[in-house]
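Step one of this worksheet: look at the structure below.
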Amino acid sequence: MNHLRRGPALATAALAALATAAVPVVAQASPASSAAVAAAIAPGDATGTYYQLAPSRLLDTRSGNGAPKARVGEDRKVDLQVTGRGGVPSTGVAAAVLNLTGISPTRGTYLTAYPAGAARPTASTVNLSPGQIRANLVTVPVSSTGKVSIYNYHGSIDIAADVLGFYSKDDSLQGTKGTGAQFQLAEPGRLFDSRGSAEGPVRPSEEVVMGPDFNDPSNPSDINTRIRALAVNITALNATKGGYLQAYAENATPPTTSALNLVPGKVVSNMAVVAASYDAQEKVPAFVVKNHSSGNVDVLVDVVGYYDEGSATGLHYRPLSPVRIIDTRSGLGGKKGALGYKTTYGYSAPSGVADNDTFALVANTTAVQPTAGTFVTVWDGTTALPDVSNLNPAAGDVVANATVTPLSDSNTFSVFNRNGLTHVLMDVTGSFQFHAQGASASTSSMFSSGATDRLSASTQQQEAGAPHTFRAVALR
């Protein structure tokens, strides 16, 4: 197992207890625009590739950073300038990856992030109870002026937003920032679980250094050296004190931002895109999870994918205006009624968000008021249910988390509920599209226009790469 490494104590953040929060109810959702779906990724370019940044705070209404120093009122929004700040270029940006935090609302509420100037979608990004602090990762397209809007539904609330990286809009950044990194799906798997560690829970100010090894021992390659960032789901449970977790590249300067807020006695999950640095000794991309609290906490880390530079094929991000495709309360998506005990619902991704080139949906998935503490898992539905979770709500909670939802060859996926009854929502903000570096236009077109069938599983493995497997490596 991974070992813990001592670090200096830092101040912790005080948090309030979890309770139920509001989410919008909708009977149906408008499909994403066909023009947005048809927007092609030109062969051989950097469109839709990812650029990792050192985490930087772009918004904090408590201090006046990025917006007036004032709480955001009921049915109000703030327009946040994203481009030209925090390492984000002024031009050439399609979407930003933000860790969005709602702080101490006066009423149960939700926040919605969307491109500034666009119609506000019927979707939620973060769901909160009165007095709660909760964060959620969101990938949100930026407007033509580089702004995003963040809307508050009820009461008044403080809001913070940290930028982690961005996706390119076109080729214009290649001269100054290179071609960016492509996304690669991994078979969802657990990288770290302190509950099975000889060291036990992560103690105050302690670090866990970890790294997934994606190289096949029987056929070694340099894939680990090309990885620039990892898409992971971090879960904290059994926290004895309030505080937060940080996640950052091994040997990097710790950021001033948090990845996950701790709530004593609660299970809290948040997806993160974490920079990774190559550990030459262990030969893996490595990062750190650090406990910034005065108490112990159990930590789970699940890997869902990685971003690499130099692979011949990969997935590029295509932004979409946020659109709801699942709501079990109304039957949107084809299934009406809460998911029951150990129940799986199968879904087809609508044509408004997926086409022949789509391998995964970038979405915000929400569990609404389960009758018992549970976990929810989203996966392609054609493989065995993975031993990972995306959401970990307590009874009566409303909990959202970012998800990368892999699709089957026929653009289907499944949602599993472990305990009790729970409603589920899914709001899509983009997709990951197949891309071949340096491909000719004719090669690209056979995947994006004329073909009626998506790549078969065998062709995926050969052309785009099947989801990659890994083994967990102890670094310290």
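The values are calculated or read from the model by the stated rules, or taken from the named source; none is laboratory data. All values derive from a computational prediction rather than experimental measurement. Here the Cβ positions follow ideal geometry from the backbone for every residue, glycine too, while neighbour counts run over all protein chains shown.
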Inset, instruction - Being without any contact (Cβ under 8 Å) to a residue 60 or more places away in the chain and in a loop (DSSP other than H, G, I, E, B) is the filter; apply it to region 394-413 and report the residue that is farthest from A113 (Cα to Cα). - result: D409
Inset, instruction - Could you figure out which of (1) more than 23 Å from L98 (Cβ to Cβ); (2) touching a residue at least 24 places away in the same chain (Cβ under 8 Å) isn't true of V376? - result: (1)
Inset, instruction - Scan (1) surrounded by fewer than 20 Cβ atoms within 10 Å (Cβ to Cβ); (2) closer than 30 Å to S330 by Cβ; (3) of a type in the set (A, V, I, L, M, F, W, C) for the single condition L111 breaks and write down its number. - result: (1)
Legend entry - Residues located in region 250-262, provided they are among the aliphatic types (A, V, I, L, M) and surrounded by fewer than 23 Cβ atoms within 10 Å (Cβ to Cβ): A252
Inset, instruction - Evaluate the following for F434: is it in contact with a helix residue (DSSP H, G or I) (Cβ under 6 Å, 6 or more places away or on another chain) and either without any contact (Cβ under 8 Å) to a residue 60 or more places away in the chain or in the same structural domain as D387 (by TED's automatic domain parsing) (or both)? - result: yes
Legend entry - Check on V289, in contact with a helix residue (DSSP H, G or I) (Cβ under 8 Å, 6 or more places away or on another chain), β-branched (V, I, T), more than 12 Å from A229 (Cα to Cα) and not in a loop (DSSP other than H, G, I, E, B): no
Inset, instruction - Looking only at region 425-434, decide whether some residue is touching a His at 6+ places or on another chain (Cβ under 6 Å) and crowded, with 24+ Cβ neighbours inside 10 Å. - result: yes
Inset, instruction - Give the residue, chosen from A186, A160, that is outside any helix (DSSP H, G or I), surrounded by fewer than 24 Cβ atoms within 10 Å (Cβ to Cβ) and out of contact with any Lys or Arg (no Cβ under 8 Å at 6 or more places or on another chain). - result: A186
Legend entry - Scope region 381-401; condition in contact with a Leu (Cβ under 7 Å, 6 or more places away or on another chain) and either surrounded by fewer than 22 Cβ atoms within 10 Å (Cβ to Cβ) or under 17 Å from R190 (Cα atoms) (or both); matching residues: A394
Inset, instruction - Return yes when V209 is in contact with a Leu (Cβ under 6 Å, 6 or more places away or on another chain) and touching a residue at least 12 places away in the same chain (Cβ under 8 Å) and no when it is not. - result: yes
Inset, instruction - Output the residues belonging to region 321-347 that are surrounded by fewer than 21 Cβ atoms within 10 Å (Cβ to Cβ) and part of a loop (DSSP other than H, G, I, E, B). - result: R329, S330, G331, G334, K335, K336, G337, A338, G340, Y341, K342
Inset, instruction - Could you check how many residues of region 413-423 are in contact with a Lys or Arg (Cβ under 9 Å, 6 or more places away or on another chain) and surrounded by fewer than 24 Cβ atoms within 10 Å (Cβ to Cβ)? - result: 4
